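**Q** Here it is, the structure, as structure tokens.
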Amino acid sequence: MEKINFSGGEPFLHDKGEFLGKLVQFCKQDLQLPSVSIVSNGSMIKEKWFQKYGDYLDILAVSCDSFDEETNQLIGRAQGRKSHLDCLYKIRNWCQQYKVAFKINSVINTFNVDEDMVESITQLAPCRWKVFQCLLIDGENAGEKALREAERFIISDQQFQEFLDRHSSVSCLVPESNEKMRNSYLILDEYMRFLDCREGRKDPSKSILDVGVKDAICFSGFDEKMFFKRGGKYLWSKADMKLEW
């Protein structure tokens, strides 16, 4: 194992990020993993978290789907009265100050597909800008038992490609279409079960706590070739990155 990424939901929710910080510290200090990363919406991140745990974190990815506050409200990327964009810039500065590689994740959908993000992304200068095509997962954001309804967010492959073409000048852009994304991640849920997305939903394996990794991973649906094809292996340890701190 070389890399672990904590995502959610919102991973900073539990115990205001303290539990997450301990996990990050354990993975870097005890397990000595080359890369430890987090994906967050940024709403609960405080500077004191960086002061305490920043040394143990390689990459922090913040989700930002639009640089227009009204669009963020439409998408649901709102933080009450707080500005999501102000929060994004503040976290970017903390990452620079505390030597954590800064990354941005954007999900391209009906409400932001025509937006030009070149200037904002260039200004923020993330080490990577992951651009995802909105994906439907049965039981999660589609279907009768879904907690959220995402059908109205879906865009066509052509619309996604047109967005990528408009942003082709951004050197840090890493695109992920539905095809590239669906089976190219090894996902563990909160019960330590691998989630198989091959059938358009998240089918859990048995827990690695019960049967071990070797047996459980057979039911992960992981497509290793697609993992490499989408650029899943990259310079992911901050010790190896030539970043301007």
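The values are calculated or read from the model by the stated rules, or taken from the named source; none is laboratory data. Values in this document were obtained by computation on a predicted structure and should not be read as measured data. Ideal geometry is used to build each Cβ from the backbone, glycine not excepted, and the neighbour counts take in all protein chains shown. What goes into the accessible areas is simple: the full protein's heavy atoms, side chains included, and nothing from ligands, DNA or RNA. Shrake-Rupley method; radii C 1.70, N 1.55, O 1.52, S 1.80 Å.
**Q** Can you list the helices (runs of 4 or more DSSP H) lying wholly within the range 1-111 that have 1 or more residues being within 30 Å of Ile155 (Cβ to Cβ) and either in contact (Cβ under 8 Å) with a residue 12 or more places away in the chain or open to solvent by 20 Å² or more (accessible area, probe 1.4 Å) (or both)? Let's see the steps before the verdict.
**A** Numbers: elements: 18-25, 47-53, 69-75, 84-97.
Helices (runs of 4 or more DSSP H) meeting the threshold: 69-75, 84-97.
**Q** Could you please find all residues in the range 110-156 being more than 27 Å from Trp236 (Cβ to Cβ), charged (D, E, K, R) and modelled with pLDDT under 90?
**A** Within the range 110-156, Asp138, Glu144, Lys145, Arg148, Glu149, Glu151, Arg152 meet the criteria.
**Q** A further question follows. Just give me the residues in the range 112-125 being polar (S, T, N, Q) and open to solvent by 20 Å² or more (accessible area, probe 1.4 Å), in sequence order.
**A** Selection gives Ser120, Thr122, Gln123.
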